[in-house]
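The values are calculated or read from the model by the stated rules, or taken from the named source; none is laboratory data. Computed from a predicted structure; not experimentally measured. Glycine also receives a Cβ, built like all others from the backbone with ideal geometry; neighbour counts cover every protein chain displayed.
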Amino acid sequence: MEIVCCFSNKMFFFVFFLNLLYLVSMEKEMTVSIEPGRKECFFQYLKTEQVLELDYQVIDGGQGEIDISFELLSPVGRSLVAEYKKPDSSHRIAAEEDGDYQLCWDNTFSRFNSKTVFFEIAIDGEEDPWDLDIDGDVAPSPEDIYETQILNMQDTMQRVRLHLNKIRHLQDQQRAFEARDRNIAESNFTRVNVWSFFQIVVMGCVGFLQ
């Protein structure tokens, strides 16, 4: 009995560790700079019935242009989402076919300002690589009670993982909004200083001429 208890404790930490590893790999996020007059595309492979969750926002644009165009294309090139000059957006798309889905951000309408875009994608419906088959050799036979305990541990870890993913997603969004607000404030501060200096110079010149 003591040996079985020891095995159960080790199994708990093993399942916990594997779920933490999977937590790190579930979501993808990236910050990219899109030059004026350019269009940048990224690809994400999806299987049928998997769900792609996408959040993006422009965190810096220069001269107050905090917007960009976006398009999501299916593997055969069919447009699933098309947006023009938006500062941020969220989408949830269910894949109808296997293949590489194309996510494109378009800054061709801007001639001078590059755009910094933060985006995050998550895929629902993925097979969990850490989903252990407890009915196999892992179960501490013949004590079925410990098999049930391990299954309960797995369920608990799954719920914890989902909650942590949600927290991480909200924190990433908050960080991106904060970065955008800071960039806007710094841009306004620079613009006010430049115009103030220009007005002081003009007033000085007028006073000197008078």
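Data table
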{"item": "Any hit, region 44-62, residues being surrounded by fewer than 16 Cβ atoms within 10 Å (Cβ to Cβ), of a type outside the set (Lys, Arg), in contact (Cβ under 8 Å) with a residue 40 or more places away in the chain and over 24 Å from Asp124 (Cβ atoms)", "result": "yes"}
{"item": "Qualifying positions in region 64-94 - farther than 20 Å from Arg38 by Cα, in contact with an Asp or Glu (Cβ under 6 Å, 6 or more places away or on another chain) and touching a residue at least 40 places away in the same chain (Cβ under 8 Å)", "result": "Arg92"}
{"item": "Number of the exception - Arg92 against (1) within 23 Å of Gln174 (Cα to Cα); (2) touching a Ser or Thr at 6+ places or on another chain (Cβ under 6 Å)", "result": "(2)"}
{"item": "Flag if Gln154 is of a type outside the set (Gly, Ala, Ser) and either within 20 Å of the chain's Cα centre (by Cα) or outside any helix (DSSP H, G or I) (or both)", "result": "no"}
{"item": "Residues of region 172-187 satisfying the condition of being farther than 17 Å from Ala122 by Cα and either in contact (Cβ under 8 Å) with a residue 60 or more places away in the chain or of a type in the set (Gly, Ala, Ser) (or both)", "result": "Phe177, Ala179, Arg180, Asn183, Ile184, Ala185, Ser187"}
{"item": "Some residue of region 146-165 being within 30 Å of Pro36 (Cα to Cα), modelled with pLDDT of 75 or more, buried (at least 17 other Cβ atoms within 10 Å of the Cβ) and in contact with a helix residue (DSSP H, G or I) (Cβ under 7 Å, 6 or more places away or on another chain)", "result": "no"}
{"item": "Per-region count, region 44-73, residues part of a strand (DSSP E or B), of a type in the set (Val, Ile, Thr) and within 25 Å of Ile184 (Cα to Cα)", "result": "3"}
{"item": "Close pairs (8 angstrom Cβ cut-off, 6 or more residues apart or separate chains): under 20 Å from Leu54 (Cβ atoms) in region 160-171, modelled with pLDDT of 70 or more and surrounded by 14 or more Cβ atoms within 10 Å (Cβ to Cβ) anywhere", "result": "Asn165/Ala122; His169/Asp55; His169/Glu120; His169/Ala122"}
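Here is a yes/no grid of residues against (1) at pLDDT below 90; (2) over 27 Å from Arg175 (Cα atoms):
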{"residue": "Phe14", "(1), (2)": "yes, yes"}
{"residue": "Cys41", "(1), (2)": "no, no"}
{"residue": "Lys47", "(1), (2)": "no, yes"}
{"residue": "Gly62", "(1), (2)": "yes, no"}
{"residue": "Ile68", "(1), (2)": "no, no"}
{"residue": "Tyr84", "(1), (2)": "no, no"}
{"residue": "Asp98", "(1), (2)": "no, yes"}
{"residue": "Ile123", "(1), (2)": "yes, no"}
